[in-house]
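Nothing in this text is a laboratory measurement; each read-out follows from the coordinates by a stated rule. Small disclaimer: the values here were computed from a predicted structure and weren't measured. Neighbour counts run over all protein chains shown; Cβ positions are idealised from the backbone, glycine included.
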Amino acid sequence: MRLLAPLTLLLALACSACSGGSSDAPEAAAPMISPILTSKDAQDPWSYAKPAIARVTHVALDLDLNFDKKQVGGKVTLDVLAKPGVETVILDSDGLVISSVTDEAGKALPFKVGPTVAGKGAPVTIGMGARRKIVITYSAPDAAALQWLNPEQTAGGKQPYLLSQGQPTLNRSWIPTQDSPGIRQTWEARITAPEALTVVMSGLSAGKPEADGAGRRAFSFTMDKPVAPYLVAIAAGDLAFRKLGPRTGVWTEPSMLDAAAAELVDTESMVDAAEALYGPYRWGRYDMIVLPPSFPYGGMENPTMTFLTPTFIAGDRSLTGLVAHELAHSWSGNLVTNANWADSWINEGVTSYFENRIIEKLYGQKRASQEAALAFAQMEDALKEEGAANPITALHLRPTQAAPDGGNSGIIYDKGAQFLRTVEHIVGREKFDTWLRSWFDRHAFQPATSAMFLADLRENLVKGDAALEKKLLLDDWVYKPGLPGNAVLPDPAAFAEVDAAAAAYARTKRVDPTAYSGWTTAERMRLLAKLPRTMGTADLAALDKDLGLSQSGNNEILFAWLELALQNRYDPAVPVAEKFLAHVGRRKFVAPLFKELMAQDAWGRAIAKQIYAKTRPGYHSVTQGTVDKIMAGGG
Ligand code: BES
Ligand code: ZN
């Protein structure tokens with residue numbers, strides 16, 4: 001923290017602008033921000049920035065990756081658009097060590113780092129005077145966004161690795177900028193790293209890496225489209241690339257390349273399918289990186305470079321809904337972005353709907369309706385768990401209810417998708433698709449709120465048709481808890497055979513292995529979800545023996561089995577769970593398994609503690625944070 005005397009004065013001078021007094025100065029020619037951001041429901045409580053007064057428009061990073069110290073450091077140059085007369089700009093930061101702030105010519109500028117709030121970080125207030133370009137020199141010694149892997153945590157075992165996760169509010173831990181999803185910035189980067197490593201980012205590569213002759217290489221990237229700050233991402237490691245199609249390809253460690261490329265062979269067709277549905281892919285390339293298994297999410301839609309967990313590789317492309325999902329975010333999320341995290345369904349719900357449409361185009365109606373039925377069941381579980389009258393089950397949340405780093409996916413993702421499926425069903429697919437495509441076009445590169453979504457739907461789809469308006473129950477879907485009465489139900493035929501087998505299990509205590517071996521992954525997942533929650537040791541042993549669950553190469557199946565087994569204190573599953581938890585850091589898998597163990601008596605708690613003591617250091621801070629709470633009894 002550093003406070004130079006003139007800053008107090010500068011802050012005082014800027015204060016008329018801070019309190020919204022804009023009458024004294026005319027608007028700058030370029031629009032400061034999307035007008036939507038001034039509405040109340042667009043305010044972002046998780047950011048200190050005041051973009052209506054001074055907004056960062058471009059970020060130029062010049063950083064070094066120090067794998068010995070496990071930290072990034074260097075400088076960032078920010079372009080600021082501010083109202084005339086405004087002399088301060090407020091950035092977000094979290095744990096950054098800022099050594100200087102200067103103007104372009106190197107003249108020191110006063111700055112102050114405010115107090116840190118958990119989950120939000122600390123404001124950096126800079127007295128820029130009349131300048132609109134500032135240079136910050138800093139390091140990020142303990143960035144929550146970044147995970148530095150030792151060679152043993154990689155497939156190759158020889159080189160270290162770095163990966164980042166920005167959404168929702170983590171990028172402020174390695175980039176001092178305004179970190180709010182309603183704000184958009186173009187960016188460029190120059191990143192230096194040890195020469196054995198390749199660096200990739202969520203932007204287009206700007207030429208070949210340059211060696212400095214002293215063991216390091218510099219990689220350059222640009223993102224010339226304005227993106228929300230959570231979408232800047234970086235990874236570095238022993239990486240190889242394989243082309244998949246004219247604009248698609250995959251990066252991963254060399255030993256993973258064949259398996260990754262085989263699993264992702266449909267990607268180019270997915271991009272074509274997505275474009276045919278909802279308009280042009282606007283980002284140039286669509287590349288992916290298959291990361292080490294510690295990546296805390298299944299996937300992350302970083303523009304031009306989707307980040308993927310390797311746990312989606314099943315050998316049969318049965319889990320590529322993940323890829324369809326992250327690709328769909330190129331429209332819903334990256335092009336049209338939730339203005340703040342209380343409207344996450346604008347990103348995730350719309351994307352989950354879109355994902356299913358891509359799956360239908362690529363793999364047909366059967367797989368699509370099965371995956372939709374699984375999602376519907378997850379929504380029902382969420383409604384049951386939270387209580388259908390609980391306000392947390394509305395799509396639009398109050399900031400105090402929202403959990404920016406995930407929330408309840410059964411609501412945000414699955415109820416969100418179900419809303420669009422219902423509108424589609426009522427108005428007809430053709431009309432609905434025309435509207436959704438036009439929604440993306442009208443709001444391209446802009447933030448969006450629930451209110452905007454409904455206003456646009458009314459203006460361009462309902463068009464004053466009172467009977468249609470009445471049928472749609474739009475406000476119920478978005479603002480009310482529970483499931484509106486017009487919800488379209490999943491295809492009852494989707495799981496007819498599996499549901500019959502699950503029902504028979506109650507009597508026979510057996511699942512026919514031959515039938516099971518002919519089932520799709522979705523059908524197998526359905527079976528595991530439908531089996532009784534309370535099972536005896538002998539029945540669990542028979543099930544595992546018949547279906548080979550402990551040996552499943554499909555991580556969704558293995559996870560569902562381990563959950564069931566641990567719920568029932570099935571000892572033989574413990575070593576399998578331990579191995580899984582030591583290898584995989586994906587929060588969706590890791591957190592529920594620790595939760596199951598901790599929900600048991602002393603038996604489970606002891607196992608959980610013993611495993612976590614060993615596996616915690618290998619997890620990303622996102623997973624650590626969630627599991628720490630579970631272990632403390634608060635999860
Ligand atoms: N954008 C999300 C990941 C995310 C959400 C990160 C909230 C931080 C906060 C990503 O697109 C996603 O939804 N991933 C899912 C996969 C999907 C198929 C449901 C995941 O990681 O499991
Ligand atoms: Zn998503």
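Does the stretch 330-479 come out rounded, prolate or oblate by the C-alpha gyration tensor, with a ≥ b ≥ c the root eigenvalues, rounded set by a/c under 1.5 and, if not, prolate when a/b is larger than b/c and oblate if not?
Numbers: a/c = 1.28, a/b = 1.09, b/c = 1.17.
The shape class here is rounded.
Tell me the volume per residue, in Å³, of the convex hull enclosing the alpha carbons of the stretch 374-435.
105
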Report summary line: Checked against the positive end of the charge dipole of the stretch 330-479 (+1 on Cβ of Lys and Arg, -1 on Cβ of Asp and Glu, about the Cα centre), the farthest of Pro391, Ala451, Thr422 is Thr422
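Divide by every residue of the chain the summed helix terms, -39500 (n - 2.57) for each DSSP H run of at least 4, and state the resulting mean residue ellipticity at 222 nm, rounded to the nearest 500 deg cm²/dmol.
-11000 deg cm²/dmol
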Query raised in the report: Do you know the relative contact order of the chain, to the nearest whole percent, from alpha carbon pairs under 8 angstrom that are 6+ apart?
Result: 10
Query raised in the report: What shape does the stretch 5-238 have by the C-alpha gyration tensor, where a ≥ b ≥ c are the square roots of the eigenvalues, rounded means a/c under 1.5, and otherwise prolate means a/b greater than b/c and oblate the rest?
Result: prolate
Query raised in the report: Relative contact order for the stretch 248-334: what is it in percent, counting Cα pairs under 8 Å that are at least 6 residues apart?
Result: 30
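Could you sort 477-485, 208-216 so that the peptide with the highest average Cβ count within 10 Å comes first and the rest follow in order? Each step should come with its number before you reach the end.
Numbers: 477-485: 17.6, 208-216: 10.9.
Put in order of decreasing packing, that is 477-485, 208-216.
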Query - Two-site label geometry, Asp316 and His583: point separation in nm, points 7 Å out along Cα→Cβ - result: 1.8
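Taking the Cα centre of the chain as origin, sum charge times position over the Cβ atoms of Lys and Arg (+1) and Asp and Glu (-1), and report the length of that vector in debye to the nearest 20.
760
Once the Cβ-Cβ distance between Ala130 and Glu430 is put in as r, and R0 is 56 Å, what FRET efficiency do you end up with, to the nearest 0.05? Working shown, then result.
Details: r = 54 Å, r/R0 = 0.97.
It comes to 0.55.
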Query - Translational diffusion coefficient (Stokes-Einstein; Kirkwood radius from C-alpha pairs) of the stretch 497-631 at 37 °C, 0.692 mPa s, in µm²/s - result: 213
**Report entry** Inter-part distance where the stretch 369-423 and the stretch 560-632 are each reduced to a Cα centre, Å
**Finding:** 25
Query raised in the report: Hey, rough spin-label estimate for Ser517 and Ala503, points 7 angstrom out along Cα→Cβ, what's it come to in nanometres?
Result: 2.7
Query raised in the report: If you count, for each residue, the other Cβ atoms within 10 Å and average over each peptide, how do 520-527, 504-511, 464-471, 86-93 line up from highest to lowest?
Result: 86-93, 520-527, 504-511, 464-471
Query - Local electrostatic count, Tyr297, Cβ distance below 13 Å [Lys/Arg +1, Asp/Glu -1] - result: -1
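Can you order the peptides 220-227, 341-348 by their average number of other Cβ atoms within 10 Å per residue, highest first? Kindly include the intermediate steps, with their values, before the conclusion.
Details: 220-227: 18.8, 341-348: 27.2.
Output ranking for 220-227, 341-348: 341-348, 220-227.
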**Report entry** Cross-link reach list, lysines versus Lys158, counting only Cα pairs under 22 Å and skipping chain neighbours closer than eight places
**Finding:** Lys69, Lys70, Lys579, Lys614
Query raised in the report: Using Cα-only point scatterers and the Debye equation, what is log10 of I(q)/I(0) for the chain at each q in 0.11 Å⁻¹, rounded to two decimals?
Result: -1.14
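Rounded to the nearest 20 Debye, what is the dipole magnitude of the stretch 5-238 about its Cα centre when Lys and Arg each give +1 and Asp and Glu each give -1 at the C-beta? Provide the component values of the computation, followed by the final result.
On the way: 21 positive and 22 negative charges, 43 e Å.
Here the size comes out at about 200 debye.
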**Report entry** Net dipole in debye of the stretch 240-318 [+1 Lys, Arg Cβ; -1 Asp, Glu Cβ; about Cα centre; nearest 20]
**Finding:** 220
Requested in this report: Output the relative contact order of the stretch 189-243, whole-number percent, from Cα pairs under 8 angstrom with separation of 6+ residues.
Outcome: 44
